[in-house]
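Enquirer: Below is the structure I would like to discuss, written out as structure tokens.
The values are calculated or read from the model by the stated rules, or taken from the named source; none is laboratory data. Being a predicted model, the structure only gives us computed values, none of them experimental. Note: ideal-geometry Cβ built from the backbone for every residue, glycine included; neighbour counts use all protein chains shown.
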Amino acid sequence: MPDYTLRIRRYSPENGDAAHWEDFQVDLDGSRSVLDGVLQAKDREDGSIGIRCSCRAGICGSCGVRINGKPNLACRTHLDEAHARAADGVIVVEPMGNMPVLKDLIVDMDAVHWKKIQRVTPWLLPDGPPPEREYVVPPDNMIDVTQTMACIQCGACVSDCLSMEVDPLFIGPAALAKAYRFVGDPRDGHQEQRVRDLAEDPHGLYDCTHCFNCIEACPKGVAPMSQIMRLRRIAGDDHHVEDRNNGHRHEMAFVKNIEKNGLLHEADLLPDSYGGKLHPRAVPELVSSLPIILRALQRGKVTPAGALLHKHKAPKDVKRIFRDIEGREERYELNLYVAGEEEDAS
Amino acid sequence: MKVAYWPGCVSRGFAPELHGSMARVAPLLDIELVELDRAACCGAGVIAEHNQELADTLNARTFALAQQEIAGGAELMMNICSTCQGAQSECQERLDGNTPYRDHVNATLAAEGLTYEKGITNKHFLWLLVEEIGLDEVRRRVKRPLTDLRVGPFYGCYIVRPSNRLGIDESHPRDTYLHQLIDALGGTVVDYAGQYKCCGFPIITMNKEASLKQAGRHVGDATDANADCLVTPCPLCHLNLDLQQPAAAAVVGRPLNMPVLHLPQLLGLALGLEPKELGMNKHVVKPSSVIDWTTSVVAAA
Ligand code: SF4
Ligand code: SF4
Ligand code: SF4
Ligand code: SF4
Ligand code: FES
């Protein structure tokens, strides 16, 4: 049987030692999982290795760890795949990030992940009394929320969320995806309050930096970032929430800028993001950005004539597209997760 | 080779030295740039955040314009902005993945006589260098190897994630191409913690502190790893890492003085162009104030 080396990050709060790496040899078939590997090491070499697991089949979400630096389920990652991606052939297994380590590979999900899930009121809040018989939900609506319902709460996305890394208060990918699960459910009666609350929170909807790490991390295809973008559309465009974080204003300034110019004109974007050059929010922001803008001017980076007024050659066609699409009664949103893969028609 | 060239907006706006250096470098590699000057901004993910169909239609239009050039002899579409690559790949995934949707988008384009046919090849300059031109060829054309220059690759987000959408696999390890290129140019690759992280640019108007903290951390990590400079394939990363570097330094509470080069600038140096021709005097952190070109690069010529 092939041998694999697992390099496991060890930490025990009770013995006072700093976290450190330990190598273990496991002999298992390559199609067995990294979790099987860790459990073999635990069984044969050191019973004190800490890891959470239950179903061993990618269902319960207990076994989230980082493998070779990337978050995943230990039970769903084959040893041979992990080995192929390992630098120097050593499979590195460490606890997930953004959460305090309790012991070895076990992180404190309560302190971070579950607290954030609670933050979004993760249950249905129907309006008015329940119907006499069951609620009737159109199938399309149900399919729409299945993507977020696929979440198994493993925390992999939370582990590598880059906004949370610098702002621990950020509500984060898993919880915001969960929020969409209820915002998108027609039985819920608090859509507007929910999105307003999340948009107004300085650590909410608009604190996501669009880094795709959560999409990359999620073993269940939940694509939390895509759900966050859908929440932004619902907040800004359906409920006209003008959040105090300037999120929606920035989005609209950008969109209008392109509509007007065809290409992005950054010089207008900054003040417009704060509500226009004379908007009270814009003034302090512009003043604080002044040194940077001046520095750019000084370097000859920004010249009004050459750089900022880059003229677009087909503004009419671009404007027409904006008019056509923004004039539609409803946004047309294709979700490939829902639409599924196409047979090759050609 | 002839390419249908999408320069993006930032390379013509706040980072003109990118467009300029690309234009200088292209002939040295026998690349003919046919600029898609009627195409509109890719939306940088923000238009898609507002209205997906709008972003998809604008980019389908760009692809259709590129396909006209491809029919006229260009080999593929090329861009020089990771954010364009990511945003356009996302739109392409939807357009290529669903025929009724593509037909619907094409119906909007029909007014202009344009149609997007499934399956355009749209590659960032970095991918084109490795996959089309080949690093051996690049190596042959190096006039001034970047000997002794310690370069930290900054990939950012849009060009490496999500990996399946961006076609990253064993045969296309696109998340290592900056490493490979630095090496091919004779420089030394410096690995540091933030090389695949986010520069923070998308939230600069929403949560400035968190945004600048990201930029400041990565630059600080690269400093600690003794990099002489960073190189990035994305002009938006460049805005947060270079233009905002003094502000980022204030947020993270440590002095930072790290030059950040655009990809064609680093390449251009090795191909023998002068820092000034490549617009390197336009950066906020002046590369010449930090790197002694006479010992790092020029002396090795
Ligand atoms: S895309 Fe947003 S939510 Fe997802 S990991 Fe990045 S910052 Fe976090
Ligand atoms: S969204 Fe995906 S990665 Fe995040 S907790 Fe749910 S299943 Fe895990
Ligand atoms: S990503 Fe930037 S540079 Fe690229 S087209 Fe869009 S706004 Fe312009
Ligand atoms: S690092 Fe910044 S600019 Fe670059 S791709 Fe990520 S978010 Fe965009
Ligand atoms: S043990 Fe249940 S998901 Fe891995």
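Enquirer: Going by the structure shown, is B:GLU35 surrounded by fewer than 24 Cβ atoms within 10 Å (Cβ to Cβ) and more than 14 Å from chain A (Cβ to nearest Cβ)?
Expert: Values: surrounded by fewer than 24 Cβ atoms within 10 Å (Cβ to Cβ): yes; more than 14 Å from chain A (Cβ to nearest Cβ): no.
Judged against the criteria, B:GLU35 is not a match.
Enquirer: Considering the stretch A:234-266 alone, what residues qualify as being more than 7 Å from chain B (Cβ to nearest Cβ) and of a type in the set (Val, Ile, Thr)?
Expert: Residues satisfying the conditions are A:ILE234, A:VAL241.
Enquirer: Kindly provide the set of residues from the stretch A:227-250 that are more than 16 Å from ligand 2 (Cβ to nearest atom) and either among the small types (Gly, Ala, Ser) or in a helix (DSSP H, G or I) (or both), ordered by number.
Expert: First, pick out the residues of the stretch A:227-250 that are more than 16 Å from ligand 2 (Cβ to nearest atom): A:232-250.
Answer for the stretch A:227-250, where residues must be more than 16 Å from ligand 2 (Cβ to nearest atom) and either among the small types (Gly, Ala, Ser) or in a helix (DSSP H, G or I) (or both): A:ARG232, A:ARG233, A:ILE234, A:ALA235, A:GLY236, A:ASP237, A:ASP238, A:GLY247, A:HIS248, A:ARG249, A:HIS250.
Enquirer: Assess whether A:LEU39 counts as being part of a helix (DSSP H, G or I) and buried (at least 19 other Cβ atoms within 10 Å of the Cβ).
Expert: On the way: part of a helix (DSSP H, G or I): yes; buried (at least 19 other Cβ atoms within 10 Å of the Cβ): yes.
Spelling it out, A:LEU39 is indeed part of a helix (DSSP H, G or I) and buried (at least 19 other Cβ atoms within 10 Å of the Cβ).
Enquirer: Quick one: in the stretch B:221-256, of everything that is in a loop (DSSP other than H, G, I, E, B) and more than 16 Å from ligand 4 (Cβ to nearest atom), which residue is surrounded by the most Cβ atoms within 10 Å (Cβ to Cβ)? Give the steps one after another, and end with the answer.
Expert: Initially, the stretch B:221-256 is screened for residues in a loop (DSSP other than H, G, I, E, B), giving B:225-228, B:233-234, B:244, B:253-256.
Okay, now just the ones that are also more than 16 Å from ligand 4 (Cβ to nearest atom), so B:225-228, B:253-256.
Values: B:ALA225: 15, B:ASN226: 11, B:ALA227: 24, B:ASP228: 22, B:GLY253: 8, B:ARG254: 14, B:PRO255: 10, B:LEU256: 18.
Only one residue tops the list, namely B:ALA227.
Enquirer: Going by what's in this entry, would B:ALA40 be described as within 11 Å of another protein chain (Cβ to nearest Cβ), closer than 24 Å to B:VAL160 by Cα and either over 18 Å from the mean Cα position of the chain (by Cα) or buried (at least 24 other Cβ atoms within 10 Å of the Cβ) (or both)?
Expert: Yes, satisfied.
Enquirer: Just one of A:ALA217, A:ALA177 is crowded, with 24+ Cβ neighbours inside 10 Å, within 16 Å of ligand 2 (Cβ to nearest atom) and either more than 14 Å from chain B (Cβ to nearest Cβ) or of a type in the set (S, T, N, Q) (or both); which is it? Show your work before the answer.
Expert: Numbers: A:ALA217 fails: either more than 14 Å from chain B (Cβ to nearest Cβ) or of a type in the set (S, T, N, Q) (or both).
Answer to the check: A:ALA177.
Enquirer: Further question on the same structure: Restricting to the stretch A:42-77, and then to whatever is more than 14 Å from chain B (Cβ to nearest Cβ) and assigned to a strand (DSSP E or B), can you tell me which residue is farthest from ligand 5 (Cβ to nearest atom)? Walk me through it before giving the result.
Expert: Quick first cut of the stretch A:42-77, residues more than 14 Å from chain B (Cβ to nearest Cβ) only: A:42-65, A:67, A:73-77.
If we keep only those that are assigned to a strand (DSSP E or B) as well, we get A:64-65, A:67, A:73.
Values: A:GLY64: 8, A:VAL65: 9, A:ILE67: 12, A:LEU73: 4 Å.
Looking at the filtered set, the residue picked out is A:ILE67.
Enquirer: Using the structure shown, decide if B:ALA74 is more than 14 Å from chain A (Cβ to nearest Cβ) and surrounded by fewer than 23 Cβ atoms within 10 Å (Cβ to Cβ).
Expert: Yes; evaluated as a whole, the condition is true for this residue.
Enquirer: Which condition from (1) of a type outside the set (Lys, Arg); (2) buried (at least 24 other Cβ atoms within 10 Å of the Cβ); (3) within 21 Å of B:PRO162 (Cα to Cα); (4) within 14 Å of ligand 3 (Cβ to nearest atom) is the one that B:ALA60 breaks?
Expert: (4)
Enquirer: How many of the residues in the stretch A:48-69 are surrounded by fewer than 17 Cβ atoms within 10 Å (Cβ to Cβ) and within 16 Å of ligand 1 (Cβ to nearest atom)?
Expert: 1
Enquirer: Give B:LEU263, B:LEU271, B:LEU267 a once-over and let me know the one that is surrounded by fewer than 24 Cβ atoms within 10 Å (Cβ to Cβ) and under 20 Å from the mean Cα position of the chain (by Cα). Break it down stepwise before answering.
Expert: Working: B:LEU263 fails: surrounded by fewer than 24 Cβ atoms within 10 Å (Cβ to Cβ); B:LEU267 fails: surrounded by fewer than 24 Cβ atoms within 10 Å (Cβ to Cβ).
From the options B:LEU263, B:LEU271, B:LEU267, the qualifying one is B:LEU271.
Enquirer: Now for a different question. Going through the stretch A:327-346 one residue at a time, which ones are part of a loop (DSSP other than H, G, I, E, B) and either at pLDDT 90 or above or within 27 Å of the chain's Cα centre (by Cα) (or both)?
Expert: So the first thing to find is which residues in the stretch A:327-346 are part of a loop (DSSP other than H, G, I, E, B), and the list is A:327-335, A:340-346.
Correct list: A:GLY327, A:ARG328, A:GLU330, A:ARG331, A:TYR332, A:GLU333, A:LEU334, A:ASN335, A:GLY340, A:GLU341, A:GLU342.
Enquirer: Could you check how many residues of the stretch B:207-218 are touching a helix residue (DSSP H, G or I) at 6+ places or on another chain (Cβ under 6 Å) and either crowded, with 24+ Cβ neighbours inside 10 Å or among the hydroxyl-bearing types (Ser, Thr, Tyr) (or both)?
Expert: The total comes to 7.
Enquirer: Related question: Mind checking which residues of the stretch A:108-132 are out of contact with any Pro (no Cβ under 7 Å at 6 or more places or on another chain) and either in contact (Cβ under 8 Å) with a residue 60 or more places away in the chain or of a type in the set (A, V, I, L, M) (or both)?
Expert: Filtering the stretch A:108-132 for residues out of contact with any Pro (no Cβ under 7 Å at 6 or more places or on another chain) gives A:109-110, A:112-132.
Answer for the stretch A:108-132, where residues must be out of contact with any Pro (no Cβ under 7 Å at 6 or more places or on another chain) and either in contact (Cβ under 8 Å) with a residue 60 or more places away in the chain or of a type in the set (A, V, I, L, M) (or both): A:MET109, A:VAL112, A:HIS113, A:ILE117, A:VAL120, A:THR121, A:PRO122, A:LEU124, A:LEU125, A:PRO126, A:ASP127, A:GLY128.
Enquirer: OK, next. In the list A:GLU132, A:GLU94, which residue meets the criterion of being surrounded by 17 or more Cβ atoms within 10 Å (Cβ to Cβ) and either more than 28 Å from A:PHE170 (Cβ to Cβ) or at pLDDT 95 or above (or both)?
Expert: Values: A:GLU132 fails: surrounded by 17 or more Cβ atoms within 10 Å (Cβ to Cβ).
Only one candidate qualifies: A:GLU94.
Enquirer: Further question: Find the residue count for the stretch A:298-326, including only residues that are at pLDDT 60 or above and within 21 Å of B:GLY43 (Cα to Cα).
Expert: Residues in the stretch A:298-326 being at pLDDT 60 or above and within 21 Å of B:GLY43 (Cα to Cα): 16 in total.
Enquirer: In this structure, is A:ASP80 closer than 29 Å to A:CYS151 by Cα, away from ligand 1 (no atom under 16 Å from the Cβ) and either within 14 Å of chain B (Cβ to nearest Cβ) or among the small types (Gly, Ala, Ser) (or both)? Outline the logic, then answer.
Expert: Working: closer than 29 Å to A:CYS151 by Cα: yes; away from ligand 1 (no atom under 16 Å from the Cβ): yes; either within 14 Å of chain B (Cβ to nearest Cβ) or among the small types (Gly, Ala, Ser) (or both): yes.
Yes.
Enquirer: Now for a different question. Report whether or not B:ALA210 is within 30 Å of A:MET229 (Cα to Cα), more than 8 Å from chain A (Cβ to nearest Cβ) and not in a loop (DSSP other than H, G, I, E, B).
Expert: Values: within 30 Å of A:MET229 (Cα to Cα): yes; more than 8 Å from chain A (Cβ to nearest Cβ): no; not in a loop (DSSP other than H, G, I, E, B): yes.
No, not satisfied.
Enquirer: Looking at the stretch B:190-203 only, could you name the residues that are of a type in the set (A, V, I, L, M) and buried (at least 24 other Cβ atoms within 10 Å of the Cβ)? Break it down into steps so the answer makes sense when it comes.
Expert: Residues of the stretch B:190-203 that are of a type in the set (A, V, I, L, M), as a first pass: B:190, B:193, B:203.
The one that is of a type in the set (A, V, I, L, M) and buried (at least 24 other Cβ atoms within 10 Å of the Cβ): B:ILE203.
Condition check ((1) part of a helix (DSSP H, G or I); (2) surrounded by fewer than 19 Cβ atoms within 10 Å (Cβ to Cβ); (3) more than 9 Å from every other protein chain (Cβ to nearest Cβ); (4) within 16 Å of ligand 4 (Cβ to nearest atom)) across all residues:
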{"site": "B:CYS84", "(1), (2), (3), (4)": "yes, no, yes, yes"}
{"site": "B:GLU93", "(1), (2), (3), (4)": "yes, yes, no, no"}
{"site": "B:ARG102", "(1), (2), (3), (4)": "yes, no, yes, no"}
{"site": "B:LYS118", "(1), (2), (3), (4)": "no, yes, no, no"}
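Enquirer: Please work out which one of (1) within 8 Å of another protein chain (Cβ to nearest Cβ); (2) outside any helix (DSSP H, G or I); (3) β-branched (Val, Ile, Thr) is the condition B:ILE47 fails and give its number.
Expert: Tallying (1) within 8 Å of another protein chain (Cβ to nearest Cβ); (2) outside any helix (DSSP H, G or I); (3) β-branched (Val, Ile, Thr), B:ILE47 fails exactly one: (2).
Enquirer: Kindly indicate whether any position in the stretch A:13-28 is within 16 Å of ligand 5 (Cβ to nearest atom) and of a type in the set (Asp, Glu).
Expert: no
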